[in-house]
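Take a look at the structure below.
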Ligand SMILES: Nc1ncnc2c1ncn2[C@@H]1O[C@H](COP(=O)(O)OP(=O)(O)OP(=O)(O)O)[C@@H](O)[C@H]1O
C-alpha cells in the first residue's frame, strides 16, 4: 500500500517526563525461507510515558504486530533501539533480556492465553512462579480483586466468560507491576459490552499503576479509550493524534474511523 504521510505527524501533546519505553528508528525486515524479504518496519520512533494508553492502528500488513514483537523484546529489530527506561534491550544477552522482560513488560493477547488446567489464581501467579519468586496468596487475591474477580479465584478459564478470562490475563500481565504493558487486539475476541469493560479496566490500570500501555487494535471503538492513536502504514508512522472527548466516547470512535479512511488516510 502507498501512503502519504500527513503533515501533522508530530505528537499532539508534549510530555517532558522520562519515557518508560522509547523506540528509536526501529527497522525490521522479515526474511522468510524461500521467499523474498519483506520490510515490516521502516524507521519507527515512539516514546511511551507513565500512565499513557497508546493505540497502534493501521491496515493489515502495516507492521503493527512486528512493532509490538520488537518493542516487547520478543523479536530483535534489524536496527534501531528499544530502551526500557535507560536499558537498551539490544545490549543484553538473550537470558538477561528474558529476565528483564519478565519483570518490566506485561503482555496481553487477543486469545487470552490462559493455561486451561490452572485456576484463575494459579494463572495470575504463574509467571512470578516461573521466575522463582515467592507469591503470597494475598497478593494474588489483591490482583484478582483489582480486576473485579476475587470471587472467581478458584475457577478455571473454561468456567469464565471471554471478558472475565481477559481480565484474568490483565491481572497476570500486571502482577509484577511491569511498567510497560503491551496489548495485542485485547478485545478482538469479545462482544462490545465485554470489550468496553476490558478497555475501561486497561485504562484504569494504566493510570493507577503509572503504566505505559501500547495497544494494537483495528477497532476505532477500542482506540477511543486511548490517549493517543498512532497510525502505521508501510512500516512507518503515518499519522498520530490525541483522542478527543471522554474515554470510550462513540463520537471519538467516529472521528478515529473517519481519520483512518479520509483521503490520504491509512486505509
Ligand atoms: N514471519 C514473517 N515472514 C515474512 N513476512 C512477514 C512475517 N511476519 C510479518 N510479515 C510481513 O511483514 C509485514 C508486516 O506484518 P505485520 O504482521 O507486522 O502487520 P500487521 O499490521 O500486524 O498486520 P495485521 O493487521 O494483518 O495483523 C507484512 O507485509 C507481513 O506480510
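Coordinate-derived values only; no laboratory data. Only a predicted model underlies this, so the values are computations on that prediction, with no experimental measurement involved. As a convention, Cβ positions derive from the backbone with ideal geometry for all residues, glycine included, and neighbour counts pool all protein chains shown.
Numbers at a glance
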quantity	calculated
DSSP bridge orientation in the range 161-267 - percent antiparallel, rounded to nearest 5	55 percent
R0 of 25 Å, Cβ-Cβ distance residue 76-residue 208: FRET efficiency to nearest 0.05	0.20
Antiparallel bridges, percent of DSSP beta bridges restricted to the chain (to nearest 5)	55 percent
The chain: calculated mean residue ellipticity at 222 nm from DSSP helix runs of at least 4, using -39500 (n - 2.57)	-10000 deg cm²/dmol
Rounded tilt (10° steps) of 94-104 against the dominant C-alpha axis of the chain	70 degrees
Shape box of the range 145-267 [Cα atoms, principal axes, largest first, Å]	51, 28, 28
Proportion of all alpha-carbon pairs of the range 117-199 beyond 23 Å (%)	17 percent
Residue order, fewest to most surrounding Cβ atoms within 10 angstrom, among 109, 182	109, 182
The chain: relative contact order as a whole-number percent, Cα under 8 Å and 6+ apart	29 percent
Where only alpha carbons of the range 198-260 are counted, the Rg and the Dmax (Å)	11.6, 34
Residue-span extension gain [residue 31 to residue 251] - 0.36 nm each, minus C-alpha spacing	75.1 nm
Theoretical FRET efficiency, 1/(1+(r/R0)^6), r = Cβ-Cβ of residue 155 and residue 133, R0 41 Å, to 0.05	0.95
Space enclosed by the convex hull of the alpha-carbon atoms of the range 27-128, per residue, Å³	160 Å³
99, 174 arranged by Cβ crowding within 10 Å, fewest neighbours leading	99, 174
Unit Cα scatterers, Debye sum, the chain: log10 I(q)/I(0) for q = 0.08, 0.10, 0.17 Å⁻¹	-0.32, -0.50, -1.38
Degrees separating the helix 120-130 axis from the principal Cα axis of the chain, which is the longest one	70 degrees
For 254, 66, order by how many other beta-carbon atoms lie within 10 Å, fewest first	254, 66
Debye log10 I(q)/I(0) at q = 0.14, 0.20, 0.31 Å⁻¹ for the range 109-163, Cα point scatterers	-0.35, -0.71, -1.36
